[in-house]
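The values are calculated or read from the model by the stated rules, or taken from the named source; none is laboratory data. Predicted model, so just to flag it, every value in this text is computed and none were measured. As a convention, Cβ positions derive from the backbone with ideal geometry for all residues, glycine included, and neighbour counts pool all protein chains shown.
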Amino acid sequence: MSIASERKRCKAFRPVGAMAIAAFVLTVPAANWMVLNVGSTCVPDGPCLIPVWHGVMAPSGVALAGLSLVLLDLVQEEVGVRWALAAVIAGAIIAAVVATPQLAVASACAFVVAEFVDLLIYTALRGRGFFVASLTSSIAGLLLDSLIFVWVAFGSADLLLGQSLGKAWMVLAVTPILYLIRRGAWIEARARRPG
């Protein structure tokens, strides 16, 4: 995409873009809160867990962490890479402020690395369409996010499979929905365009 079309898109700040930014940034504190408060099993002085497969558990915030990866792609598509970068920085700051110190460090580190990798891969694959670029970048991001988060937060990779599966389920569920939202916004914008 050219710099001129990127500027044009940033000027045409649409409601879908604003909603995507708000949802993306809010996934961070919500996921951190869930890890400490919501789950089928809560480990003393540890995370609350949910089942993501038969016999496989994950910290309960995985669903929202998976959602954040796809939302970032929608932010970039709707309002541009600058807003996406600003949203990542805002999310990292919120992650560092709202959680326990250990969870804050793990969350912020995993969030920043995974979201920047997601952003880079999505940008490289944008020409192949939203669905392909978003799915590919989100999978790469969820693997990195899972690895960094469980290692820094809990000192082991015991929950890595669960983290990855939980995020993957959310990415697979949400990507088609956001594709349809994106497609609807694109059709609406074309209909309003003169000539």
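Things worth noting here:
- Check on residue 72, hydrophobic (A, V, I, L, M, F, W, C) and within 12 Å of the chain's Cα centre (by Cα): yes
- Qualifying residue in the stretch 57-76 (condition: surrounded by 16 or more Cβ atoms within 10 Å (Cβ to Cβ), in contact with a strand residue (DSSP E or B) (Cβ under 9 Å, 6 or more places away or on another chain), free of Cβ contacts under 8 Å to residues at least 24 places away in the same chain and of a type in the set (A, V, I, L, M, F, W, C)): no
- Residues of the stretch 137-160 that are of a type in the set (Val, Ile, Thr) and surrounded by 18 or more Cβ atoms within 10 Å (Cβ to Cβ): 139, 148, 150.
- The residues in the stretch 13-59 that are of a type in the set (Val, Ile, Thr), touching a helix residue (DSSP H, G or I) at 6+ places or on another chain (Cβ under 9 Å) and closer than 24 Å to residue 90 by Cβ can be counted, and the count is 6.
- The stretch 126-135, subset crowded, with 17+ Cβ neighbours inside 10 Å and over 11 Å from the mean Cα position of the chain (by Cα), residue modelled with the lowest pLDDT: 130
- Total residues in the stretch 39-55 satisfying the condition of being surrounded by fewer than 18 Cβ atoms within 10 Å (Cβ to Cβ) and in contact (Cβ under 8 Å) with a residue 24 or more places away in the chain: the figure is 2.
- Residue count for the stretch 1-47 under the criterion of being modelled with pLDDT of 85 or more and either outside any helix (DSSP H, G or I) or within 17 Å of residue 111 (Cβ to Cβ) (or both): the result is 22.
- For the stretch 172-182, the criterion of a residue being in contact with a Phe, Trp or Tyr (Cβ under 8 Å, 6 or more places away or on another chain), among the basic types (Lys, Arg) and either assigned to a helix (DSSP H, G or I) or surrounded by fewer than 18 Cβ atoms within 10 Å (Cβ to Cβ) (or both) is satisfied by at least one position.
- Within the stretch 133-145, residues that are free of Cβ contacts under 8 Å to residues at least 40 places away in the same chain sit with their Cβ atoms under 7 Å from residues that are in a helix (DSSP H, G or I) and β-branched (Val, Ile, Thr), at 6+ positions apart or across chains, in these pairs: 136/121; 139/171; 140/117; 140/121; 144/113; 144/117.
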